[in-house]
1. Taking amide hydrogens as modeled 1.01 Å from N in the peptide plane, which residues meet the under 5 Å criterion relative to Val16, leaving out close sequence neighbours?
2. Kindly provide the helix-only [θ] at 222 nm of the chain, computed as the sum of -39,500 (n - 2.57) over DSSP H runs of four or more divided by all residues, to the nearest 500 deg cm²/dmol?
3. Which of the peptides 30-37, 95-102 is most tightly packed, and how do the rest follow, judged by the mean count of other Cβ atoms within 10 Å per residue?
4. Top mean-square fluctuation among Leu73, Leu59, Leu14, Gaussian network model of the chain, C-alpha springs under 10 Å?
5. Report, largest value first, the span of the C-alpha coordinates of the range 1-115 along each principal axis, in whole Å.
6. I need the calculated FRET efficiency for the pair Arg45 and Thr122, taking r as the beta carbon distance and R₀ as 41 Å, to the nearest 0.05.
7. How far is helix 21-43 tilted, in degrees, relative to the longest principal axis of the Cα atoms in the chain, given as a value from 0 to 90 rounded to the nearest 10?
8. Hey, what angle do you get for helix 62-80 against the long axis of the chain, alpha-carbon based, 0 to 90 degrees rounded to 10?
Amino acid sequence: RLVHFSIQSNHLHLVVEADNWRALSRGVHALSVRVARAINRATERKGKVFAQRYHAHILRTPTQLRNALRYVLNNRRRHQGQRQAHPGWVDPLSTACWFDGYRDREPNESNPWPTARTFLLTTGWRRGRGGRFSINDIPGKRR
């Protein structure tokens, strides 16, 4: 299940749930094929879109997941800096607008993405050091 994502200029950040490594591998492969076909169709080209394999990092603790969510959902703010990312700005190329863990922003109501099922992604991450975070946080910067 693809639960959260952020599209960057030359890569994607994904937060997914999978029952096992095989399910993860198949899911990422299927997503890669689908995205590559859409990009090739939109750009009227053929061939490989993704040059490298994906990098998976298993998140085992509430703090790890909290930090990963903050990084994925607020990553564009880090790269764009404050020039374009004014207070309250939501990355339109991510699932940030549907995220219910911001302490200073309510999520949009109609979330088209699958609902998280695991304890860590539903509520556990909120127990991580720092708990809910701000839409204005810049990942990688000390608060």
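None of the figures in this text is laboratory data; all of them are computed from the coordinates on show. As the structure is a prediction and not an experimental result, all values here were calculated from the model. We place every Cβ from the backbone using ideal geometry, glycine too, and count neighbours over all the protein chains shown.
1. When sequence neighbours closer than 5 places are left aside, the close amide H contacts are Val3.
2. Helix contribution divided over all residues of the chain: -10500 deg cm²/dmol.
3. 95-102, 30-37
4. Top of the fluctuation ranking is Leu59.
5. The principal-axis extents, from largest down, are 42, 34, 26 Å.
6. Once the sixth-power term is evaluated, E becomes 0.55.
7. Long axis of 21-43 versus the principal axis of the chain: about 70 degrees.
8. 70
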